[in-house]
Amino acid sequence: MINLSMPIKEDEIKKLNCGDIISLSGTIYTARDAAHKRLIDCINKDKELPFNIKDQGIYYVGPTPSKPGEVIGSAGPTTSYRMDDLTIPLLERGLKVMIGKGKRSNEVIEGIKKYNAIYLIAIGGAGAYISNSIKSCEVIAYDDLDAEAIRKLEVENLQLIVAIDTKGNNIYEKGRKMYEKQ
């Protein structure tokens, strides 16, 4: 297991390989479809983003409401391809880590390679387990979007898998080839 802290440095990202298991700690942000559309709208209108995206990570999640005494509700990953059409402008501005589940488009994979970013996957259906790694949660933008508002999360030992590394190696392709050989 590889321990990483956010914000992440590019030289750390380049050392990661498809299939590596990592433990992530530090600050990450949440954003899903609706929040991504607003982020891109800010970029298109040359407005400041609600947080400095350089060297940061976005977790594709819309958590459930928290129960009394809990930091956050269930926080399982959202299917990542839904953000694919809105990802490249964020990579261009320095986004380094994306966390979700499922495959990414060829355009996003090329963007990951070009901008030395990484795509990590969380296990779908494990939202209650994942929420145990979230130590604080604060809505920082677009609170009118409810579950899809942008949140600043402090995470500790969030267990993830490198799905696409900076070289474009893709666990979804690698896994399929390994299975086909058997």
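Per-structure values
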read-out: Any hit, segment 84-93, residues being polar (S, T, N, Q), crowded, with 18+ Cβ neighbours inside 10 Å and more than 20 Å from G26 (Cβ to Cβ); value: yes
read-out: Residue ranges of strands (runs of 3 or more DSSP E) in segment 8-117 with at least 3 members charged (D, E, K, R) and in contact with a Gly (Cβ under 6 Å, 6 or more places away or on another chain); value: none
read-out: Any hit, segment 117-124, residues being under 14 Å from the mean Cα position of the chain (by Cα), at pLDDT below 90 and surrounded by fewer than 18 Cβ atoms within 10 Å (Cβ to Cβ); value: yes
read-out: Some residue of segment 90-103 being over 13 Å from the mean Cα position of the chain (by Cα), among the acidic types (D, E) and more than 19 Å from N170 (Cα to Cα); value: yes
read-out: Matching option when the condition is modelled with pLDDT of 95 or more and basic (K, R), among K177, K167; value: K167
read-out: Count of residues meeting criterion [touching a Ser or Thr at 6+ places or on another chain (Cβ under 6 Å), over 16 Å from I118 (Cα atoms) and surrounded by fewer than 19 Cβ atoms within 10 Å (Cβ to Cβ)] in segment 7-51; value: 1
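The values are calculated or read from the model by the stated rules, or taken from the named source; none is laboratory data. Everything quoted here is computed from the prediction, not taken from an experiment. Neighbour counts are summed over all protein chains in view; Cβ atoms, including those assigned to glycine, are modelled from backbone coordinates with ideal geometry.
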